[in-house]
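J.: Just dropping this structure here.
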Amino acid sequence: MDILSLFAGYLIVFVAGCAIYIYSDSPVLNSGLLGKIKNGFCQTVQFMIPKLLVKWAKQCIHYIFYTRNHMMQFVFAGLVLFGNAVLAVDILPLLYVFEPDTQHIVLPMVLCFTNLAFYHLSCTTDAGQVTRNNVDALDSVYKADGFFYKQGALCRTCKIVKPARSKHCSLCNKCIHRFDHHCIWTNNCVGAGNLRYFLLFLVTLIAMCVNGVLMATHSLMLVVQNFRLMETSYVDANTGNLHPITVPVLIQHLFMQQPRCVFLVGSLIILLLLLLAFTAYHVYLISVNQTTNERFKLSNMQVDNNNADENSKTSESAGYFYNQGLMLNLYEIFFPQMPKVRPTPPKASNHTNGFPVPPKKETSRQRGRRK
């Protein structure tokens, strides 16, 4: 099996696995022929794999995806380190050998540090926690649409009023102002406070991946051109005859000579497809001033109201209640309304700057009055 067939097989399995995981609760995958195939496959896997291993795998999945932890942050750091290691060990030496007068290192370093800066801000910036001190101020930012959000609704967990467009995150155990979703890669919620940083993190990550593909591909093309590989021939293993080299054979040869570089190109292309789809989805939501949470609610209501045209139109109009036009929507994202609440003044005490205040001496007149 050549490298292209192997890569295509891995790609199909990866995409199919992602689709099954994302749409695991879809009625299409749980009924009819697909439902029977899915149930049969799951039962076969559970029968073949020991129960202890299945239990351990479920616990790991629950820990990674349904609890707050730093696991995916370490995974992201590992992926970035691997990509930069391949850049330093395999790609840059080829570029400086064949193009020594060109500066190759500045752009990838700028993109990497910029991306890490926005990633740090996405992880550490408060997404917009709703507390008893700021709930009144945040409640005035958005009006309740009367459909998804009711005026004066209480959070069943926090026991405080939920401002419009807020939601209680079960992983973070707090209400988030303009809640979008909880991101396991940042171990933080995405809300009004850090949505702009999260969007810039995605954009810079795409730019970094595109630059990595271009640099790796350019280095491989320099190898092909300088060694004139397209003018060579290869021996057919079955017949022993010489044949002019083809693109699949050339890619297989490059994979044998530069395995990490070719693997990086293929991996980044797959990652780019996923990132572009994910980022385009969020750009669309920002352009119509929706959140992922609101889009999910709208989709569920449209499915439930499939046979009721009037209710379906009502839910559709409610889903775009906060749309103010493209420019105002962008302004709202990059300059969010996060009212600052003045802290309550501390109670009077007998301490000043950490030192106790000595009691005042009683005068003779005060002693006389006391007597």
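The values are calculated or read from the model by the stated rules, or taken from the named source; none is laboratory data. Note that the coordinates shown come from a computational prediction; the quantities given were computed from them, not determined experimentally. Quick reminder, even Gly has a Cβ in these numbers, built from the backbone with ideal geometry, and neighbours come from all protein chains shown. Note: areas computed on protein heavy atoms with side chains; ligands, DNA, RNA excluded. Shrake-Rupley method; radii C 1.70, N 1.55, O 1.52, S 1.80 Å.
J.: Sequence-distant or interchain residues sharing an amide H contact under 5 Å with Gln129, placed H: which?
T.: His177
J.: So, with a 1.4 angstrom probe, what is the percent of accessible area on segment 172-229 that is carbon and sulfur? Each step should come with its number before you reach the end.
T.: Values: 1300 of 1930 Å².
Percent of accessible area from carbon and sulfur atoms in segment 172-229: 67.
J.: Run the quick spin-label model on Val203 and Ala280: label points 7 Å from Cα toward the beta carbon, then report their separation in nm to one decimal.
T.: A separation of 1.8 nm, rounded to one decimal place.
J.: Something else about it: Pick out, in residue order, every one of the chymotrypsin sites (Phe, Trp or Tyr not before Pro) in segment 20-127 that is DSSP loop and has at most 13 other C-beta atoms within 10 Å; say none if there are none.
T.: Details: sites: Tyr21, Tyr23, Phe41, Phe47, Trp56, Tyr63, Phe65, Tyr66, Phe74, Phe76, Phe82, Tyr96, Phe98, Phe113, Phe118, Tyr119; in loops: Tyr23.
Filter output for segment 20-127: Tyr23.
J.: I've got another one for you. Please compute the per residue accessible area over segment 112-179 with all protein chains in place, 1.4 Å probe, rounded to a whole number of Å².
T.: Details: 3440 Å² over 68 residues.
For segment 112-179, the per-residue accessible area is 51 Å².
J.: Can you list residues whose amide H is under 5 Å from His181's amide H, if they're 5+ apart or on another chain and H is modeled 1.01 Å from N?
T.: Answer set, sorted by chain and number: Val190.
J.: In nanometres, what is the gap between the two model label sites at Leu11 and Leu53, each 7 Å from Cα along Cα-to-Cβ?
T.: Each label point lies 7 Å from its Cα, and together they span 3.0 nm.
J.: Tabulate in residue order the Karplus-calculated ³J(HN,Hα) for segment 101-118, using 6.51 cos²θ - 1.76 cosθ + 1.60 with θ = phi - 60°, rounded to whole Hz; enter x for Gly and Pro.
T.: Rounded to whole hertz, the list is 8, 9, 7, 10, 9, 5, 4, x, 5, 4, 5, 5, 5, 5, 5, 5, 5, 5.
J.: Separate question: Per residue of segment 154-169, in order, report the coupling 6.51 cos²θ - 1.76 cosθ + 1.60 (Karplus, θ = phi - 60°) as ³J(HN,Hα) in whole Hz, putting x for Gly and Pro.
T.: With coefficients 6.51, -1.76 and 1.60, one gets 9, 6, 5, 9, 7, 6, 10, 5, 8, x, 4, 6, 9, 8, 7, 8 Hz.
J.: Any idea of Met327's accessible area? Nearest 10 Å², probe 1.4 Å.
T.: Met327 has an accessible surface of roughly 140 Å² with all protein chains in place.
J.: What pairs in Lys51/Lys297; Lys38/Lys150; Lys55/Lys174; Lys58/Lys167 have C-alpha atoms more than 31 Å from each other?
T.: Lys51/Lys297; Lys38/Lys150
J.: Would you grab the residues whose amide H sits under 5 Å from the one on Lys174? Only those 5+ places off in sequence or on another chain, please, with H modelled 1.01 Å from N.
T.: Residues meeting the criterion, in which the H sits 1.01 Å from N, are Cys169.
J.: Using a 1.4 Å probe, how large is the accessible area of Leu214, given in Å² and rounded to the nearest 10?
T.: We get 110 Å² for Leu214.
J.: What distance in nm separates the simple spin-label points at Lys38 and Ile245, each placed 7 Å from Cα in the Cβ direction?
T.: Here the answer is 4.7 nm between the modelled labels.
J.: With θ set to phi - 60°, apply the Karplus curve 6.51 cos²θ - 1.76 cosθ + 1.60 along segment 81-94 and write out the HN-Hα couplings as whole Hz, x wherever there is a Gly or Pro.
T.: 3J(HN,Hα) across segment 81-94, in whole Hz: 5, 5, x, 6, 5, 5, 4, 6, 8, 10, 7, 4, x, 5.
J.: Do any chymotrypsin sites (Phe, Trp or Tyr not before Pro) in segment 200-278 lie in a DSSP loop with no more than 16 other beta carbon atoms within 10 Å, and if so, which?
T.: On the way: sites: Phe201, Phe227, Tyr234, Phe255, Phe263, Phe278; in loops: Phe227.
Taking segment 200-278 and a limit of 16 other Cβ atoms within 10 Å, the loop chymotrypsin sites (Phe, Trp or Tyr not before Pro) found are Phe227.
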